[in-house]
Amino acid sequence: MYYSNGNYEAFARPKKPANVDQKSAYIVGSGLAALAAASFLVRDGQMPGDHIHVLEELALPGGSMDGIWNEQRGYIIRGGREMEPHFETLWDLFRSIPSLETKDASVLDEFYWLNKEDPSYSKARVIENRGHRLANDGQLTLSQKAIKELIDLALTPEEKLQDKRIDEVFSDDFFNSNFWLYWSTMFAFEKWASALEMRRYVLRFVHHVDSLSTLSSLRFTKYNQYESLILPLVSYLTNHGVHFQYNTVVNNILVNRVGNDKVATKIEMTVDGKPQNQQLTENDLVFVTNGSITESTTYGDNTHPAPKEHELGASWQLWKNLAAQDPDFGHPEKFCENIPAANWTMSATLTFKDDKIVPFIEHVSQKDPHSGSIVTSGPVTIKDSNWILGYSISRQPHFKKQKDNELIVWIYGLISGKPGNYVDKNMEDCNGIELCEEWLYHMGVPDDQIVDIATNSCNTVPTHMPYITTYFMPRALGDRPLVVPKHSKNLAFIGNYAETPRDTVFTTEYSVRTAMEAVYTLLDVDRGVPEVFGSAFDARVLMNALYYLNDKKPLAEMDLPWSQKVIAKEAVRKVKGTYIEELMKDAKLL
């Protein structure tokens with residue numbers, strides 16, 4: 001496997017790998033990474049579809065990429081996905097997946113047209129004081145000390161950030177900025193999260209510093225991610241003869257050593273409650289989704305909170321069983337154990353059955369939520385919420401079967417262990433009505449209307465996800481297994497707990513990238529994996545970021561120490577009349 005960039009290889013079809021017709025594949029899980037792996041096996045590996053077996057513990061595919069109508073509870077979305085144009089492997093995948101809605105179009109075609117016609121743009125990224133936009137919304141409010149801390153982090157090698165927390169590399173200057181407020185609530189970072197992962201994010205998304213407050217860089221699906229992304233993938237794979245086996249818990253995969261080589265030899269699983277084994281040879285490739293952020297999810301309803309009690313979960317137990325066989329298979333305990341108490345565990349789906357809430361949404365987002373256009377363009381953060389409450393309203397209808405009068409809102413809170421501002425309970429202890437009441441309060445709904453709307457106009461489904469922030473647990477190199485561990489002949493790890501360089505977890509891109517790397521490595525596919533977008537290596541991007549990090553100030557107006565101003569002035573004099581001066585002018589630094 002090797003990386004490539006540019007379009008020379010982007011449109012090339014690789015030759016059929018040697019002996020692929022004699023090989024088969026077993027894929028543990030059916031989330032985006034698993035479905036992407038199956039798709040790359042079919043498209044680029046040219047493996048017969050009936051040689052591919054997807055093993056899923058639940059009764060339906062999708063993993064964390066969900067969106068479902070539940071007969072007992074109603075509409076449920078556990079989270080959303082923010083995508084951008086430089087998700088190179090994601091778009092490489094979906095250019096080949098036919099749309100289920102538009103004839104002769106791919107999912108990428110459909111997605112591209114939609115986001116051209118209805119681009120993302122937030123009119124209010126942060127609110128406070130019950131529905132009022134933050135006075136300095138749009139400014140990053142970073143001090144020179146905070147900017148220096150950001151730059152220092154970016155320049156620090158990953159080896160020196162092992163097991164470090166974000167609050168070990170930043171001061172209060174940084175945490176008091178709007179930049180941190182935008183950043184943490186957009187990506188779900190906590191102060192205790194991995195500084196190593198924070199560095200990757202800074203380098204990976206430096207090209208979006210200018211749009212942190214407007215969210216104009218984001219792209220969104222037409223419906224929920226399950227209907228817009230997962231179902232077309234499942235249809236594509238089913239049409240190619242791929243086998244989906246549900247109600248299948250993979251308990252362990254036995255791996256033998258032959259010299260230095262590591263060979264998976266048996267899958268131990270429970271199918272419909274009965275033990276079953278699958279013997280393997282080197283020609284049987286195994287792709288494991290290790291760990292899951294939505295494992296052990298529990299649900300509540302209007303009158304009951306989501307239960308907090310939970311078991312470890314099958315995906316975590318499988319990873320532990322694998323890790324016990326070889327240290328190269330990672331350290332799952334670093335992610336699923338000792339999770340800080342002050343973290344995000346709760347989200348909720350609010351389905352409004354009338355338009356009483358519409359004027360309050362329009363006041364914030366300046367958009368009719370029934371217009372069919374994207375409403376919030378990503379998260380709206382409530383700064384003075386004790387829970388750091390945020391909400392997102394996607395294009396409506398968010399489900400194909402949604403009724404015209406229904407409006408779906410997704411809310412989440414990054415701090416679960418504090419009483420609310422309106423409801424005197426921790427978020428985890430609230431039922432659906434209480435969660436809705438807290439949100440209505442912050443939206444500026446009058447006190448005398450809150451209880452009535454939350455009780456009679458809305459159905460709220462609380463969701464408790466004990467592992468939702470575990471991607472960001474402080475970690476060391478080696479805690480996540482390599483996509484293909486050293487000397488592995490037929491075993492690969494896929495998903496956001498596998499390790500690939502430079503890219504960032506908690507993204508659809510990471511899921512697809514690890515899947516592509518796994519398939520290309522084990523099958524020796526002769527086509528490059530598109531490398532991570534190199535924004536951090538582009539002088540134009542870095543100059544643009546410097547301008548916006550300083551709240552759109554040219555170099556001469558930046559609040560620099562006297563000595564640095566002298567150096568900057570001399571530097572500007574030296575580049576006068578050169579191409580560098582042109583670049584600086586384009587970035588508005590001059």
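The values are calculated or read from the model by the stated rules, or taken from the named source; none is laboratory data. As the structure is a computational prediction, the values presented were derived from the model and not from experiment. As a convention, Cβ positions derive from the backbone with ideal geometry for all residues, glycine included, and neighbour counts pool all protein chains shown.
Restricting attention to the stretch 108-130, the residues that are touching a strand residue (DSSP E or B) at 6+ places or on another chain (Cβ under 8 Å) and crowded, with 19+ Cβ neighbours inside 10 Å add up to 7.
Conditions (1) surrounded by fewer than 16 Cβ atoms within 10 Å (Cβ to Cβ); (2) more than 21 Å from ASP301 (Cα to Cα); (3) polar (S, T, N, Q), marked per residue:
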site	(1), (2), (3)
GLY372	yes, yes, no
GLU406	no, no, no
GLY420	no, no, no
ASP424	yes, no, no
GLU428	no, no, no
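Among the residues making up the stretch 21-47, a single one is buried (at least 24 other Cβ atoms within 10 Å of the Cβ) and in contact with an Asp or Glu (Cβ under 6 Å, 6 or more places away or on another chain): SER30. Scan the stretch 137-164 for residues that are in contact with a Ser or Thr (Cβ under 7 Å, 6 or more places away or on another chain) and either buried (at least 20 other Cβ atoms within 10 Å of the Cβ) or among the hydroxyl-bearing types (Ser, Thr, Tyr) (or both) and the total you get is 5. Across the stretch 357-403, the number of residues qualifying as in contact with a Pro (Cβ under 7 Å, 6 or more places away or on another chain) and farther than 18 Å from TRP344 by Cβ comes to 5. Residues that are in contact with a Leu (Cβ under 9 Å, 6 or more places away or on another chain) and closer than 24 Å to GLY138 by Cβ within the stretch 191-204 comprise MET198, VAL202, listed in sequence order. Close Cβ contacts (under 9 Å, 6 or more residues apart or on different chains) running from residues in the stretch 507-521 that are without any contact (Cβ under 8 Å) to a residue 60 or more places away in the chain to residues that are among the aliphatic types (A, V, I, L, M) comprise TYR510/ALA33; TYR510/ALA498.
Do we have GLN449 as assigned to a loop (DSSP other than H, G, I, E, B), surrounded by fewer than 19 Cβ atoms within 10 Å (Cβ to Cβ) and modelled with pLDDT of 95 or more here? Criteria not met by GLN449.
Checking VAL566, VAL532 one by one, the residue that is more than 13 Å from LYS588 (Cα to Cα) and either part of a strand (DSSP E or B) or modelled with pLDDT of 95 or more (or both) is VAL532 and no other.
Matching residues to (1) in contact (Cβ under 8 Å) with a residue 60 or more places away in the chain; (2) basic (Lys, Arg); (3) closer than 22 Å to LYS400 by Cβ:
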{"residue": "GLN46", "(1), (2), (3)": "no, no, no"}
{"residue": "ILE52", "(1), (2), (3)": "yes, no, no"}
{"residue": "SER64", "(1), (2), (3)": "yes, no, yes"}
{"residue": "TRP69", "(1), (2), (3)": "yes, no, yes"}
{"residue": "PRO85", "(1), (2), (3)": "yes, no, no"}
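Counting the residues of the stretch 290-305 that are of a type in the set (Ser, Thr, Tyr), under 21 Å from LEU350 (Cβ atoms) and part of a loop (DSSP other than H, G, I, E, B) gives 3.
Residues in the stretch 549-558 that are closer than 21 Å to VAL206 by Cβ and either loosely packed, with under 13 Cβ neighbours inside 10 Å or not basic (Lys, Arg) (or both): 6 in all.
Being buried (at least 22 other Cβ atoms within 10 Å of the Cβ), closer than 24 Å to THR521 by Cβ, in contact (Cβ under 8 Å) with a residue 12 or more places away in the chain and not β-branched (Val, Ile, Thr), is that true of even one residue in the stretch 268-285? Checking the stretch 268-285: at least one residue is buried (at least 22 other Cβ atoms within 10 Å of the Cβ), closer than 24 Å to THR521 by Cβ, in contact (Cβ under 8 Å) with a residue 12 or more places away in the chain and not β-branched (Val, Ile, Thr). Any residue at all in the stretch 477-492 that is at pLDDT 95 or above, touching a Ser or Thr at 6+ places or on another chain (Cβ under 6 Å) and not assigned by TED's automatic domain parsing to the domain that holds ILE415? Checked the stretch 477-492: at least one residue is at pLDDT 95 or above, touching a Ser or Thr at 6+ places or on another chain (Cβ under 6 Å) and not assigned by TED's automatic domain parsing to the domain that holds ILE415. Do the conditions hold for TRP319, that is, is it part of a loop (DSSP other than H, G, I, E, B), touching a Phe, Trp or Tyr at 6+ places or on another chain (Cβ under 8 Å) and either among the hydrophobic types (A, V, I, L, M, F, W, C) or buried (at least 22 other Cβ atoms within 10 Å of the Cβ) (or both)? Against the criterion (part of a loop (DSSP other than H, G, I, E, B), touching a Phe, Trp or Tyr at 6+ places or on another chain (Cβ under 8 Å) and either among the hydrophobic types (A, V, I, L, M, F, W, C) or buried (at least 22 other Cβ atoms within 10 Å of the Cβ) (or both)), TRP319 does not qualify. The listed residues are ILE267, ILE253, and the only one of them that is assigned to a strand (DSSP E or B), aliphatic (A, V, I, L, M), modelled with pLDDT of 95 or more and in contact with a Phe, Trp or Tyr (Cβ under 8 Å, 6 or more places away or on another chain) turns out to be ILE267. Among the conditions (1) out of contact with any Gly (no Cβ under 7 Å at 6 or more places or on another chain); (2) modelled with pLDDT of 95 or more, ASP66 misses just one, which is (2). Go through ALA556, ALA571 for me and flag whichever is among the hydrophobic types (A, V, I, L, M, F, W, C) and within 26 Å of ASN136 (Cβ to Cβ). Just one listed residue meets the conditions, ALA556. Given the criteria on the phi < 0 side of the Ramachandran plot and over 21 Å from the mean Cα position of the chain (by Cα), does PRO462 qualify? The answer is no for PRO462.
Within 28 Å of LEU90 (Cβ to Cβ), in contact (Cβ under 8 Å) with a residue 24 or more places away in the chain and of a type in the set (Ser, Thr, Tyr): does that describe SER171? Here the answer is no, as SER171 does not meet what is asked.
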